[in-house]
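To keep things clear, I will list the structure first and then write my remarks on it.
Derivation of every value follows stated rules applied to the coordinates shown; laboratory data play no part. For clarity, every value in this text was computed on a predicted model and none was experimentally measured. Using ideal geometry, Cβ is built from the backbone for each residue, glycine included, and neighbour counts are taken over all protein chains shown.
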Amino acid sequence: MKTLLFKPFEKYSEQKLLIAGVIATLIGALVAYVLNCRFVGVFQMIFDDTAIVQSLIDNIIIMCCLTIFLFIVAKFIYKKTRLIDIVVTTLVAYIPFYILPIFNINNTLKIAHDNILMHSQPELVNQIPMISLIILIVFGLFTLLILAWVIALLYNGFKTAANAKGVKAIIIFAIAIILADVASRYLIFHLN
Amino acid sequence: MKKLPVNCPSCESALVASQLSCSECETVISGSYSLPVLLQLSKEDQDFIFEFILTSGSLKKMAAKMEKSYPTVRNKLDDILEKINQLKTN
């Protein structure tokens, strides 16, 4: 079970992982569209009404940015790194993020978010609905867990694909995903 | 099967074979023979190399047989190659 959740790249073939990743990406884009969420960066989700095509394009841009940056640094660490191993790493590692839009069923998160913004002035802070606050705190904590899971999956996939070891590999990996996040936000922002 | 010790339990230096004997006629040969590099690897690494030969050097076949992914098996082979190179230089 631990292997399936955190280290699927060590056990399953690239064909199986690719099929699972592509199906999950399509379902993730559909779920985000239906529940009015958008992934607008590797580590950013917003509440927005958008077209299904746009939701899919957002996901493709994120996957491409992650793949390109991780592949470049992986090749730098280990010349025998295969592109397919990095592609499946990004596709599969992103799957846990597709759980997050489920919190926005009936626009629950959007309403809680707007409620808090409406009461953001100092004199109105006491009137923030408690339920909105609880919803956002629970969502925030859950998001942190999901984020840790995604980064663990990304790193384990990268480590397997690039035979990466040591502190140097961790630093290079961290730089790559930060650059991928910045690049994906820039591209999604400027392509809309 | 008994595990062949390759390092000294006291100082961890590489051991050498100092006596060989014939189990049939009990002839004993004394000397100082270095162990081959492959014998100095761990049992797990030796088994891996054995499987590698049995699959005609196909990492894909090995991955399927070991129920591991291709990069995992390739990484294992690279790690063994690194160990062999270290042993050769020592």
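A few points about this structure:
- A:F76 within 14 Å of another protein chain (Cβ to nearest Cβ) and of a type outside the set (A, V, I, L, M): no
- All positions within region A:1-40 that are buried (at least 17 other Cβ atoms within 10 Å of the Cβ), within 21 Å of A:N156 (Cα to Cα) and touching a Lys or Arg at 6+ places or on another chain (Cβ under 7 Å): A:E10, A:K11
- For region A:138-158, residues that are without any contact (Cβ under 8 Å) to a residue 24 or more places away in the chain and either farther than 17 Å from A:M45 by Cβ or assigned to a loop (DSSP other than H, G, I, E, B) (or both) total 1.
- Filter result for A:Y33 (touching a residue at least 12 places away in the same chain (Cβ under 8 Å) and within 14 Å of chain B (Cβ to nearest Cβ)): no
- Checking each residue in region A:160-192 for being of a type outside the set (A, V, I, L, M, F, W, C), within 18 Å of A:F9 (Cα to Cα) and free of Cβ contacts under 8 Å to residues at least 60 places away in the same chain picks out only A:K165.
- Candidates are the residues of region A:36-59 that are among the acidic types (D, E) and free of Cβ contacts under 8 Å to residues at least 60 places away in the same chain; the one that is farthest from A:L187 (Cα to Cα) is A:D49.
- For the residues B:K60, B:K88, B:K43, the requirement of being away from chain A (no Cβ under 14 Å), touching a helix residue (DSSP H, G or I) at 6+ places or on another chain (Cβ under 7 Å) and surrounded by fewer than 14 Cβ atoms within 10 Å (Cβ to Cβ) singles out B:K88.
- Restricting attention to region A:81-103, the residues that are of a type in the set (S, T, Y), in a helix (DSSP H, G or I) and within 12 Å of chain B (Cβ to nearest Cβ) add up to 1.
- No other residue among A:N115, A:N106 is free of Cβ contacts under 8 Å to residues at least 60 places away in the same chain and in contact with a Pro (Cβ under 8 Å, 6 or more places away or on another chain) apart from A:N115.
- Every condition in (1) under 22 Å from A:L17 (Cβ atoms); (2) surrounded by 13 or more Cβ atoms within 10 Å (Cβ to Cβ) is met by A:I170 except one, and the failing one is (1).
- Among the residues of region B:46-57, those identified as surrounded by fewer than 16 Cβ atoms within 10 Å (Cβ to Cβ), in a helix (DSSP H, G or I) and not aliphatic (A, V, I, L, M) are B:Q46, B:D47, B:F50, B:E51.
One line per residue, one yes/no per condition, for (1) aliphatic (A, V, I, L, M); (2) on the phi > 0 side of the Ramachandran plot; (3) not in a helix (DSSP H, G or I):
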position	(1), (2), (3)
B:C11	no, no, yes
B:S23	no, no, yes
B:I29	yes, no, yes
B:M62	yes, no, no
B:V73	yes, no, no
B:D79	no, no, no
